[in-house]
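All remarks here apply to the structure that follows.
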Amino acid sequence: MTLITMSAKELDRFQIIKKLIGKHVNGTETANLLRLSVRQVKRLKAKVIKSGAKGLIHGNRGQSGNHCLTERERDLIIKLLKERYFDFKPTFAAEKLQENHQIDRDPKTIRQIMINEGLWQPKRKKKVSVHRAWRQRRSCYGEMIQFDGSYEHWLENRGETGEICLLAAIDDATGKLVFVQFAEHEGVFPVFGFWREYLLKWGRPRSIYLDKFSTYNINHKLAKENSDTLTQFERGAQELQIELIKANSPQAKGRVERLFSTLQDRLIKELRLAGISTTGEANLFLQKTFIPKFNAHFAVEPANKTNLHRKLTLTEINRLISIFSRQTERTILNDFTFSFKNQWYQLTKEQSVTVCKKDTVIVEERLDRTIHIRLRGKYLNYELLLKHPERQILPVKMPWVLPATKAQILANLNQPSKTF
């Protein structure tokens with residue numbers, strides 16, 4: 001006697017087809033009950049008459065699939081996963097197996113192998129309690145660039161130890177990684193250097209989406225100068241006529257936040273596989289290898305193919321060195337000196353513009369750390385003083401007064417006060 005295993009759906013079909021064969025229902029009624037076409041019902045009836053209940057079971061049941069992994073291939077995948085890709089996520093591991101070892105398998109297959117081998121723990125999806133409306137992408141490339149920085153052990157303490165800051169700009173319309181660069185921190189000069197290189201290469205975007213002050217000033221030991229970064233960046237963007245849009249929360253600029261989540265998973269491992277141990281090598285790897293590969297995989301087509309980046313004019317290019325400088329106001333003293341960062345500066349006699357006492361000048365601290373003084377659009381000549389001249393205090397001449405005797409003092413005290 002052969003034991004036939006049937007699913008509940010197949011068993012239900014068998015009961016209805018038997019009623020059809022017994023002429024308790026007609027073909028149209030059977031088709032409605034099983035939600036099949038009349039033609040399909042006729043085929044099922046013929047199979048049951050010929051083979052009984054077995055005719056409703058799929059012929060491939062119990063057999064290996066055409067694309068089933070062989071034991072040899074499975075063992076090879078497990079070996080590679082444990083040796084090289086033990087901390088990779090399933091999708092990324094599947095991509096690397098295909099790219100580096102020509103093993104082309106579905107990420108779901110790799111995921112199941114990793115779960116069986118204890119290399120991957122599936123996470124339960126959290127229920128979102130707060131409702132957030134989905135914001136549509138901007139329609140054109142260069143219409144809005146999302147910008148942020150992330151501190152992480154990107155090199156996993158190979159060569160350069162500790163956390164390193166990664167600055168990234170991603171286009172909102174396409175999800176394209178426009179520019180990424182490792183920097184010392186997220187302060188004024190690294191941010192200015194990042195955007196100077198960006199503008200020279202791609203031009204001015206219409207707007208930049210970034211954190212507002214409360215979130216931009218992150219509490220990180222490497223985040224130096226952040227109290228001044230946004231103020232200086234706002235001034236520079238205003239001079240370049242770039243609109244700044246400040247996010248009220250990290251979720252508002254979700255595209256760049258998700259980007260860093262992806263980079264923290266993929267970029268760290270890519271740098272490891274490439275054997276990179278310095279930020280200089282890492283920046284070169286980003287530009288030549290990682291960014292093109294990332295954009296080919298994740299970027300999408302914009303709704304409108306117009307590029308809204310505006311190329312800089314020659315005048316604007318020449319002004320970048322001034323725009324991307326930390327600018328501070330100082331007041332000229334009576335001796336035509338001023339102090340800046342515990343240093344004293346003396347303005348010289350020959351100047352291109354008339355300088356008066358109490359004038360307010362702009363001190364530009366540029367990316368190359370040189371100091372330039374500007375007044376009414378003209379740059380002033382100055383000398384660095386090793387020490388500010390001390391003021392000379394002249395002695396005050398007092399009239400000669402004979403010392404009073406004790407008797408005179410008592411007499412003065414006893415005299416009645418005069419009334420006026």
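Before moving on, here are some points about what is shown:
- Net charge dipole size for the stretch 253-296 [Lys, Arg +1 and Asp, Glu -1 on Cβ; Debye, nearest 20]: 160 debye
- Placed amide H near Arg204: partners under 5 Å, 5+ positions off or other chain: Arg310, Lys311, Leu312
- For the residue pairs Lys246/Lys341; Lys108/Lys269; Lys23/Lys50; Lys246/Lys305; Lys176/Lys305; Lys357/Lys378, the C-alpha atoms sit more than 24 angstrom apart in Lys246/Lys341; Lys246/Lys305.
- Overall form of the stretch 325-385 per C-alpha gyration tensor (a/c, 1.5; a/b vs b/c): prolate
- Taking other C-beta atoms within 10 Å as the exposure proxy, Trp154, Trp195 rank Trp154, Trp195 from fewest upward.
- Were the residues from Arg72 through Arg43 laid out at 0.36 nm apart, the gain over their Cα-Cα distance would be 6.4 nm.
- Distance between the 7 Å Cα→Cβ label points at Lys305 and Arg206: 1.9 nm.
- A simple spin-label model places the labels of His297 and Gln346 6.2 nm from each other, with each point 7 Å out along Cα-to-Cβ.
- Within the same chain, aspartates and glutamates fewer than 8 places from Lys47 are excluded, and of the rest, those with a Cα less than 15 Å from its Cα are Glu10.
- Taking a point 7 Å out from the Cα of Lys387 in the direction of its Cβ, the residues of the stretch 344-366 whose backbone N falls within less than 14 Å of it are 344.
- Sparse-neighbourhood loop sites, trypsin sites (Lys or Arg not before Pro) in the stretch 12-97 - DSSP loop, at most 10 other Cβ within 10 angstrom: Lys23, Arg35, Arg61
- Residues Leu271, Leu11, Leu34, ranked from the fewest to the most other C-beta atoms within 10 Å, line up as Leu11, Leu34, Leu271.
Bear in mind these aren't lab numbers, they're just calculated from the coordinates by the rules spelled out. Note that the coordinates shown come from a computational prediction; the quantities given were computed from them, not determined experimentally. Neighbour counts are summed over all protein chains in view; Cβ atoms, including those assigned to glycine, are modelled from backbone coordinates with ideal geometry.
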